[in-house]
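Worksheet: one structure, shown below.
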Amino acid sequence: MQRAWGTITMLLLLAAMPAAGQQQEAPTTQKNAPYDLSNYLSLLAAAEGGGGWNSGSPRLPTAFGGVKVGFAGGFLNTTSGNDVTLTLDLGYDRVRTRNGFSVASSPMLPAFRFPKPQRDESKNYLRVYLEPGLGYNTTAGFGGYASAKAMIALFSDNRLDLRTPSPFIEVERRFPFSSPLGGDNRVVFGVMVALCNQCGLH
C-alpha cells in the first residue's frame, strides 16, 4: 500500500510541474509592450469640412465639405508586414468663386504617434498620417491634380471600435496637372469612426 501511495504521489508531482511552469511564464507575457492599434486602420468613415485659399491672383477663399471612407488593403503590405489604409474622399468644392465636386484617393502612411502604446486603452494619443494622393475636381480650370496632405487624429484605443467618433485635422496642398503652381491650400476639420488594425466586425 505504501508503494502504491508513493507512486501516486510521484505522478501527482510530475503532473503539477508543467502547471507550475505555466504560472511562472504568465508575468513575462504581461510585461510585453502594448501593441499599436492605429498604425493602420481596418475600416474608417468620416465627415469633414473646411476651407483655405487658392494660390492664384487674386487670392480668394475656398470651401470644402465631404466624406471620407477607407479600408486596409492587403495588396499594399509594407516591409514591416503591416497593411496600409487606402482612403477615398468625396466632396463639394468651391474654388475661385466656382462650385464643383472632387474625388481623391490616397494611402494613410503612419508617420508619428505620441505617446507610444499604453496599457490604459482609454488614454488619448495623437496619430499623424501622411497622405500623398491623386484626385479630380470638376471646377473649371482645375481638373486632375496631385496632393500632399497630412492628418492629425486624436485617438484612444477604446474609440477604435467603428462606433465612437474621434476628431481629426487635415492640412492639404493640391497641385493641378494643368497648372501646378495654381492650386490651393486648405485646412479640413472632421470626425471619424474607425476600426483598429487587430479588430474584427462583430
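Each other residue within a Cβ distance under 12 Å of Ala194 adds +1 if Lys or Arg and -1 if Asp or Glu, for a net charge of +2.
Determine the equivalent ellipsoid of segment 88-169 by diagonalising the alpha-carbon gyration tensor, then write out the semi-axes as square roots of 5 times the eigenvalues, largest first, rounded to whole Å.
Values: eigenvalues 211, 36, 18 Å².
Semi-axes (√(5λ), whole Å): 32, 13, 10.
With the alpha-carbon atoms of segment 41-196 aligned to their principal axes, the span from lowest to highest coordinate is 52, 28, 23 Å, starting with the largest.
For the pair Leu126 and Ala47, a Förster radius of 35 Å applied to the C-beta separation gives a FRET efficiency near 0.95, rounded to the nearest 0.05.
Read-outs: derived from the displayed coordinates by stated rules, not from any lab. Note that the structure is a prediction, hence the values are computed from the model and not measured. Methodologically, a virtual Cβ is constructed for each residue, glycine included, from the backbone with ideal geometry; neighbour enumeration extends over all protein chains shown.
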